[in-house]
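Structure first, commentary second.
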Amino acid sequence: MPYNVLSLFSGAGGLDLGFEQQGFQLIETIDIDPWSVLTLKKNRPKWKVIEGDVRDYHPKFKGEVDVLIAGVPCQGFSLGGNRDPKDERNTLFREVVRIARSMQPKIVLIENVLNLRTMCVPGTREPFAEHIAASLRKIGYSVIYDVFKMCYFGVPQTRRRFVFIAIKGELPRAYHLPAPGGTTTIRPFLYDLGQGKGKNFANHNPKWGFKSAVHSETGEPFDANEEAIPVRFSRTGSDGNPIRSFDEPFPAVDTATVWGWAQGNVKAARFEKDRNNGKYIRNPAANVTLWRITASHLRTFTHREYARLQTFPDEWEFIGSNKRSIHLQVGNAVPVAFAKVLAGNVKTVLDALRTGQAFSAVAEYQGAQLRLLG
């Protein structure tokens, strides 16, 4: 019998899909976002997908739960959010603890953003990370947690994620968290799409002609064999040169930064902004110079290209009412390749618990090719 998994705060299914790729059977999955729910139902019609608030969720199925997984909302902790210690979403981990107390899964896995480690519970000096771990220890789990840099786990990003793994009772002998591998670059994930291949993929309708008040599409003639290169269109006052190399990982894919392609006579240079007469001046006293890109052709990334960077398989179709509703699903997702690494680690723990033997690490990291599996 395959091990089973119950999924909370599932979003577009990155964590669920990684566990599926390791052979786990999904019991139920729940999320409050209706578009994420439709995405899950579209891609996995046989899954039991629930649209609802986890705070109102009380599992009714019978039988043992092997693993409880939860991509708890991160907006209250994230630098991309409001970083408010009092954000009510910061306490949603308590619902994971509640359900774990009720269902008694063998393992609980919680995933969140790096900045969880730097915030404290309001009115105390206790870091949220240790507060969450203590809550799980109180109901009988041994807890280990760490930060993982995605480019060492098959994901072409420097994004970092915070992961808790809680094991009912004692840790198996010799247990350890997944170990990093070599660096994963963006070339295997993006190069083909940037050069005009794969046009029939879902969520992929590339169109040149990016309109911008900052960047310029010049229409100048260029060699048609010149490759398109990835560039950053937003955050023009930060993050260094916006032209990216195919042979490095990307910065973190998030729900705000806009990326795209430039082709032909590509240049990037810093310019001073007219802070007296220019538009959208937030701070007239600032002296930050801004990056501007000029090229013969410009276009933004498609949702499929963002999904590739999050290591979703090409057949995984995102459903949304507009570009933003899809972009949020992709940007908030757990990268599938990393989820598969975590699932491999968890599966080995379950084997050790079942047999009473020491933990024996499997080949958890297989590099960029993880995207092609499943």
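The values are calculated or read from the model by the stated rules, or taken from the named source; none is laboratory data. Note that the coordinates shown come from a computational prediction; the quantities given were computed from them, not determined experimentally. Reconstructed Cβ throughout: ideal geometry from the backbone, glycine too, with neighbour counts over all protein chains shown.
Out of F189, F201, F162, I need the residue that is in a strand (DSSP E or B) and crowded, with 17+ Cβ neighbours inside 10 Å. Which one? Break it down into steps so the answer makes sense when it comes.
Working: F189 fails: in a strand (DSSP E or B); F201 fails: in a strand (DSSP E or B).
Testing whether each residue is in a strand (DSSP E or B) and crowded, with 17+ Cβ neighbours inside 10 Å leaves just F162.
Residue by residue, here is whether (1) touching a residue at least 24 places away in the same chain (Cβ under 8 Å); (2) of a type in the set (K, R); (3) under 26 Å from H131 (Cβ atoms) holds:
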residue: V147; (1), (2), (3): yes, no, yes
residue: C151; (1), (2), (3): yes, no, no
residue: R160; (1), (2), (3): yes, yes, yes
residue: A166; (1), (2), (3): yes, no, yes
residue: R173; (1), (2), (3): yes, yes, no
residue: P180; (1), (2), (3): yes, no, no
residue: T185; (1), (2), (3): yes, no, no
Regarding V349, is this residue more than 22 Å from Y175 (Cβ to Cβ) and modelled with pLDDT of 95 or more?
no
Could you tell me which residue of region 104-151 is surrounded by the most Cβ atoms within 10 Å (Cβ to Cβ), considering only residues that are in contact with a strand residue (DSSP E or B) (Cβ under 7 Å, 6 or more places away or on another chain) and among the small types (G, A, S)?
A129
Which of the residues belonging to region 116-138 are touching a residue at least 40 places away in the same chain (Cβ under 8 Å) and within 23 Å of the chain's Cα centre (by Cα)?
L116, R117, M119, F128
Out of (1) at pLDDT 95 or above; (2) not in a loop (DSSP other than H, G, I, E, B), what's the single condition that is false for I319?
(2)
Test T184 against the stated conditions and say whether it is at pLDDT 95 or above, under 30 Å from T39 (Cα atoms) and β-branched (V, I, T).
yes
Which one of these is crowded, with 22+ Cβ neighbours inside 10 Å, closer than 22 Å to V330 by Cα and modelled with pLDDT under 95: F9, F77, F19?
F77
Among T257, T311, which is closer than 30 Å to I69 by Cβ, modelled with pLDDT under 95 and assigned to a loop (DSSP other than H, G, I, E, B)?
T257
